[in-house]
Each structure stands twice: as structure tokens, then as C-alpha cells.
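First up is the structure itself, then whatever we jot down about it.
The values are calculated or read from the model by the stated rules, or taken from the named source; none is laboratory data. A quick note: this is a predicted structure, and the numbers were derived from the prediction, not measured. Positions of Cβ are backbone-derived with ideal geometry, glycine not excepted, and every protein chain shown enters the neighbour counts. All accessible areas refer to the heavy atoms of the entire protein, side chains included, with ligands and DNA or RNA removed. Shrake-Rupley method; radii C 1.70, N 1.55, O 1.52, S 1.80 Å.
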There are 2 protein chains.
Amino acid sequence: MPVSNPSFSHRLSAAVARCRNPVTVGLDPRWEQLPAVLTSGGGSASDRAVRAEIYATFCREILDVVHPLVPAVKPQMAFFEQLGPPGMTALANVIAYAHERDLLVILDGKRGDIGSTAEAYADAYLGANSPWQADALTVNPYLGDDSLEPFVTTARQRAAGLFVLVKTSNPGGATFQDLVADNRKLFRHVAEHVEHWAAQSADETGYGAVGAVTGATYVEELGELRQAMPHSWLLVPGYGSQGATAKDVAAAFDSNGQGAVVNNSRGIIFAHARREYAGRFAPDQWQRAVEAATREMIDQLRAETNVGRL
Amino acid sequence: MPVSNPSFSHRLSAAVARCRNPVTVGLDPRWEQLPAVLTSGGGSASDRAVRAEIYATFCREILDVVHPLVPAVKPQMAFFEQLGPPGMTALANVIAYAHERDLLVILDGKRGDIGSTAEAYADAYLGANSPWQADALTVNPYLGDDSLEPFVTTARQRAAGLFVLVKTSNPGGATFQDLVADNRKLFRHVAEHVEHWAAQSADETGYGAVGAVTGATYVEELGELRQAMPHSWLLVPGYGSQGATAKDVAAAFDSNGQGAVVNNSRGIIFAHARREYAGRFAPDQWQRAVEAATREMIDQLRAETNVGRL
């Protein structure tokens with residue numbers, strides 16, 4: 001990702017327009033849920049190098065299927081970290097493979113720290129010498145504005161993006177995010193900071209380098225947050241397995257069908273195990289289930305949201 | 001770390017009593033600040049495997065110096081992640097080396113995610129098959145109570161510990177942590193949850209598996225939080241380079257001098273570059289500066305806080 005690249009916002013907007021949909025496929029390899037054809041020779045739990053190679057194979061096969069269809073993928077770091085250094089190597093290989101196939105990579109690490117430690121995290125995942133070279137990174141705002149600034153600086157310098165956790169999709173997201181201070185919920189305070197940085201970095205797309213994670217499972221808040229952060233890309237998790245539908249995410253888009261990407265992890269990558277697909281695909285054709293699930297989600301979004309205008 | 005181990009709280013309390021001080025040495029290897037004798041042959045910035053080995057050497061030499069003196073060390077993950085998979089291997093080696101020297105390892109990763117992803121992070125760093133096998137992990141509460149529960153469950157099952165970010169030491173920590181909801185600042189709400197889990201898991205030490213990160217730079221809040229979380233270990237960063245003194249952290253301890261550990265990173269590991277030590281140690285004797293700085297901090301805590309009663 002050379003610095004002479006167009007901005008992340010520009011690249012994401014162009015990719016969404018080209019694919020005519022805003023789907024990001026979440027790469028969350030969980031050993032127990034992988035297609036049996038991949039894991040049957042997978043060795044013991046302690047055989048991390050073998051498992052890491054199988055994770056990489058699984059992800060590469062998904063990328064082969066989805067790259068003509070969607071603009072971006074979102075690897076979930078936890079599952080790669082679980083396998084130790086070989087898992088981190090597999091992650092780097094998966095990201096490189098995605099880039100070869102013109103997919104943008106939003107790395108889901110939810111990092112956050114202070115001062116020079118935040119700089120180190122930003123450099124680790126977005127920097128010029130990054131072993132991973134993600135296009136964007138998810139970050140956690142709890143440590144405050146000065147903890148996010150080093151990420152913002154690096155993202156802008158490197159034409160990369162950030163997605164700050166604002167309103168997460170889990171039920172317990174309300175515990176702290178919904179506390180009301182100065183007549184606004186905590187997540188609205190975070191949204192104000194995100195919008196500030198997004199507006200500062202907005203380019204010809206109308207959007208900036210700093211976006212927000214806004215769960216699809218809170219429908220009303222999603223519309224409010226779209227209004228409150230007009231310059232921020234929204235990364236919307238919670239579609240599918242977590243219960244949100246295309247109708248639920250309609251409020252995330254602007255009038256052109258831009259400004260948001262919607263993530264689906266398990267509903268796509270483990271589609272072979274979905275009840276409604278039972279018997280439809282042979283065990284060694286799990287990739288066809290991935291494709292069917294991806295196309296189904298794209299169709300639903302086109303039918304129910306502004307995405308149809310892309 | 002077999003599950004038949006005594007609890008983390010028990011082990012930490014015993015180590016603090018044995019060393020008669022609550023110092024944790026932060027392992028934050030920053031390339032530019034390492035002693036020149038280590039980096040002079042260190043190759044180019046892209047030579048990550050070489051740098052990772054030098055990070056491991058640097059940390060091992062520090063562990064050789066501090067292991068008879070202090071109860072615990074706190075590796076900062078960001079700096080190891082910056083070097084990619086070889087950095088993560090170095091981290092695993094450093095943790096194993098610390099354990100061989102009877103040091104507890106509080107891994108500073110500030111992780112946080114939802115549901116099964118939080119389980120994966122907990123398993124990655126505290127689980128039975130963890131490549132890193134930390135004794136405790138720092139975690140971020142923004143995603144809410146159900147995002148912390150998988151970490152709490154794993155920590156209790158594995159006799160490990162957690163430190164939840166409550167009040168961080170950076171100036172911008174106030175941005176969100178100090179917002180007032182229901183007449184209490186956000187960090188006090190987080191503290192209530194921490195105390196709940198800590199009380200549930202409290203053992204004969206009076207403390208539980210779930211502690212809190214409470215910055216030394218907010219002196220008044222530190223005393224309040226000691227009162228508000230009587231069953232929680234406090235991990236207190238901000239000593240030294242960030243400006244806090246022994247007097248500032250006095251309120252973190254209980255009447256026996258237990259219940260808190262105080263971290264110092266740069267002030268100890270980069271002591272060779274401290275102005276007040278200029279000319280005192282030859283360049284190839286940087287380890288003696290580490291020892292002097294560690295002993296100085298221990299003495300200051302013994303003089304100014306309840307730690308003297310240990």
C-alpha cells in the first residue's frame with residue numbers, strides 16, 4: 001500500500017461502486033466450524049502450524065470465491081492470534097492474497113493504547129513497514145482522544161482508514177455505551193469525535209479516513225448515527241447470524257447507497273452449515289455455499305436499501 | 001501454568017510479600033531507545049527477525065537483573081506486534097524466560113471483543129494451549145459486560161488474572177472516562193462491574209481474579225477507586241516517566257501494603273538514558289542502570305507508602 005495511493009475512503013467508495021454492493025466478508029476462522037474436508041487431517045490442538053496453514057487455505061478459498069463479488073474483507077485477528085506466531089504469519093499471507101485479488105482489507109483488531117504505544121500499534125498494522133499492511137484497522141476509544149490521535153495521524157499519512165468502535169452489536173454494548181452524560185449517550189460522545197476527524201480528512205467522496213463501527217442490531221441508533229456522522233464511513237456488523245436483516249441496515253447508507261459497509265462473517269464463511277442450505281451442496285463443495293450466501297446477501301441489500309442505486 | 005495453580009491473586013500477593021515491594025517492570029522495547037551496544041549491529045528496519053531477537057535479548061537481560069527484586073513484569077504487546085510474527089515469537093520466549101525466573105507476567109494487550117471472539121482472545125493469551133501463557137491480561141471494557149464475561153470465565157478457570165481499564169494515566173483518558181452519567185463518572189461505572197467480578201472470585205487474600213488499571217497520574221481518583229473496589233487488584237501505570245511519584249500512588253495500597261502493583265516501563269528499562277544517571281554507568285553496563293532504577297523505585301515506595309509494612 002504505497003503512500004501515493006488514493007485515500008482509503010476513495011478506494012472503498014470506488015470498490016463499492018464497482019461491485020455495486022457494500023458487503024464485507026468477515027474472515028473468522030474457528031477450527032470447530034471449518035468444513036470437515038479441511039480439518040479431517042488437522043492434527044492435535046497443539047499443532048498450531050498445521051492449523052494455521054489450514055486457516056490460510058480456508059481463507060484463500062473464500063477469497064477466490066468472493067473477490068469478484070464484494071469490495072472488502074474483514075479478518076478477525078483474535079482467531080489468528082489464537083494460533084500464535086504461525087497464526088500471525090497466516091494472517092499476513094491472507095491479507096496479501098486479498099490484495100492480489102483487489103479486495104480491501106479491514107483488519108478487525110480493536111486495538112487501543114496511549115501515546116507512543118498507540119503509535120506502535122498504528123505502525124504495526126498500517127505503517128510503511130507493517131508485516132500485515134491492512135487498508136484499515138478497528139480501534140477502541142475508551143482511552144480517549146489522545147489515544148486515537150496517533151492512529152488518525154498514521155492512517156492519514158498512509159492513506160489508510162480507521163473504524164472506531166461507537167455502538168457495538170452485542171446486547172451488552174449498552175452497559176457503558178448507552179450511559180447518558182450531558183443528555184447524550186456515551187456512544188454519541190464518541191461519534192462526535194469520530195465525525196470531527198472524519199470531516200477533517202474528508203475527500204472528494206464526502207467521507208474521511210475515520211469511520212465508525214455501528215452495530216446493525218440497533219436499528220434506530222444506526223439512523224441517528226448516519227445523521228450524526230455525515231463524513232464517516234460506517235462499518236456495520238451484526239448482519240445474519242446476529243439477527244439483523246437488510247431492512248435493519250437500510251438507514252446506514254446515504255442517498256447514493258454509499259457511506260456504509262455491512263459485514264457478515266459466520267453467515268457467509270460457514271454457510272455450508274446453515275440449515276436452509278442443508279443437502280444443497282456436497283461436503284467438498286462448501287465454497288459454493290459461500291458463494292450462494294454472498295449473492296443472497298447482496299441481493300437482499302439491493303432489494304431493501306439504497307444500495308440498489310449504486 | 002497448570003490449572004491446579006493457586007489463584008492469580010494468591011500468587012501475586014505471595015510474590016509481593018516475598019519481594020517486599022509491588023513493582024512491575026514494563027517491557028516496552030522501542031528500537032530507538034535500546035542501549036546502543038545492542039542495536040549497533042541491528043540491520044535495517046525491514047530486518048524484523050534480527051530486531052525481534054535483539055528485543056528478546058534486551059528483555060532477557062532485564063529479567064536477569066530484576067527477577068530477584070520484583071514480583072512481576074508487564075510486556076507491552078504493541079512493540080512485539082510491530083515486528084510481526086518474529087516479534088510474537090520473541091514475546092513468547094520472553095514470557096517463558098520470565099516464568100523460569102519466577103516472575104509473574106501481566107500481558108498488556110488491552111484486548112476486547114464480543115462473544116466467541118472474546119473467548120478466542122482469552123484463550124489466545126490465558127488458555128491451556130496458549131502460545132504465550134500469560135498470568136494476567138489487560139482488557140478494555142468499552143464493549144460492555146457481556147464482552148468481559150468470557151475473559152472472566154477463562155481467567156477463573158485457568159487461575160489467571162485480568163486487569164480491566166478503568167481510569168487510564170493519559171491526559172485524554174478524561175475524554176470519555178470522566179463523562180458523568182447517573183451522578184458518577186463513566187470510570188466509576190466500570191469500577192462497579194470490576195468490583196462485582198472481583199468480589200465473586202475473591203480468595204483468602206481478600207482479592208479476586210479481576211483487577212483494574214488505575215493511572216497513578218490521577219491521585220484523588222486512585223484513592224476513591226481503592227475504596228470502590230476493595231476486592232480488586234489495582235495495576236497502577238504512570239510512575240516515573242509519566243510524572244507520578246511514590247507519594248502519588250500511596251492511596252492505591254491497602255493497610256497491609258497489598259492490593260496494588262505499580263508499573264514503571266521507560267524509567268527502568270531505559271534508565272541508561274536518564275539524565276540523573278549520566279556518566280554513572282559505562283555504555284556496556286546499561287543493566288546496572290536498570291538495577292539502580294529498580295532499587296530506587298522500590299526504596300521510594302517503601303519510604304512513602306504502606307509498602308514499608310510488607
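Things to note:
- Residue of B:184, B:18, B:266 that the Gaussian network model of chain B assigns the largest fluctuation, springs spanning Cα pairs under 10 Å: B:184
- Compactness of the protein assembly as shown is given as radius of gyration and Dmax, 23.8, 76 Å, from Cα positions.
- Size descriptors for chain A (Cα atoms only): Rg and Dmax, in that order, 18.5, 57 Å.
- Across identical copies of the chain, residue A:61 has label-point separations of 4.9 nm, listed in ascending order, with the point defined 7 angstrom from Cα along Cα→Cβ.
- Between A and B, accessible area buried - total, square angstrom, nearest 100, 1.4 angstrom probe: 4800
- Longest to shortest principal axis, alpha-carbon extents of segment B:162-208, angstrom: 37, 24, 12
- Antiparallel DSSP beta bridges within the protein assembly as shown, percent to nearest 5: 10
- Only helices enter the 222 nm calculation for the protein assembly as shown: every DSSP H run of n ≥ 4 contributes -39,500 (n - 2.57), and dividing by all residues gives -13500 deg cm²/dmol, rounded to 500.
- Prolate/oblate/rounded call for segment A:180-245, Cα gyration tensor, a/c under 1.5 rounded: oblate
- Gyration tensor (alpha-carbon) shape descriptor, segment B:77-136, a/c threshold 1.5: oblate
- Most positive-pole-ward Cα, A:19, A:297, A:31, against dipole of the protein assembly as shown from beta carbon charges: A:31
- In the context of the full set of protein chains, residues of segment A:148-252 present 33 Å² of accessible surface per residue (probe radius 1.4 Å, heavy atoms only).
- Candidates A:298, A:114, A:62, ranked by Gaussian network fluctuation over chain A, Cα under 10 Å, top entry: A:114
- Computed over segment B:160-310, the ratio Rg/Rh where both radii use C-alpha atoms and Rh is Kirkwood: 1.03
- Table column - 3J(HN,Hα) (Hz), segment B:199-208, Karplus curve with 6.51, -1.76, 1.60, x for Gly and Pro: 5, 4, 10, 5, 10, 5, 6, x, 10, x
- Net charge over other residues, Cβ less than 12 angstrom from the Cβ of residue B:300 (K, R count +1; D, E count -1): -1
- Alpha carbon centroid spacing (whole Å) that separates segment A:197-216 from segment A:225-304: 21
- Volume per residue that the Cα convex hull of segment A:259-300 spans, once the total is divided by residue count, Å³: 66
- Around the amide H of residue B:26, modelled in the peptide plane, lie the amide H atoms of B:74, B:264, B:265, all under 5 Å away and 5 or more residues distant in sequence or on another chain.
- Share of Cα-Cα pairs in segment A:26-133 lying beyond 22 Å, as whole percent: 33
- By accessible area with a 1.4 Å probe, ligands and nucleic acids excluded, highest first: order of A:20, B:309: B:309, A:20
- Net charge of neighbours whose Cβ lies under 10 Å from the Cβ of residue B:35, counting Lys and Arg as +1 and Asp and Glu as -1: -2
- DSSP bridge pairs, segment A:159-298: antiparallel proportion in percent, nearest 5: 15
- Residue B:204 accessible area, 1.4 Å probe, all protein chains in place, Å² to nearest 10: 130
- Taking a ≥ b ≥ c as the square roots of the eigenvalues of the alpha carbon gyration tensor, segment B:101-248 is prolate, as a/c is not under 1.5 and a/b beats b/c.
- Portion, in percent, of the accessible area of chain A that falls on carbon or sulfur, probe 1.4 Å: 47
- Convex hull volume of segment B:11-73 per residue (C-alpha atoms, cubic angstrom): 86
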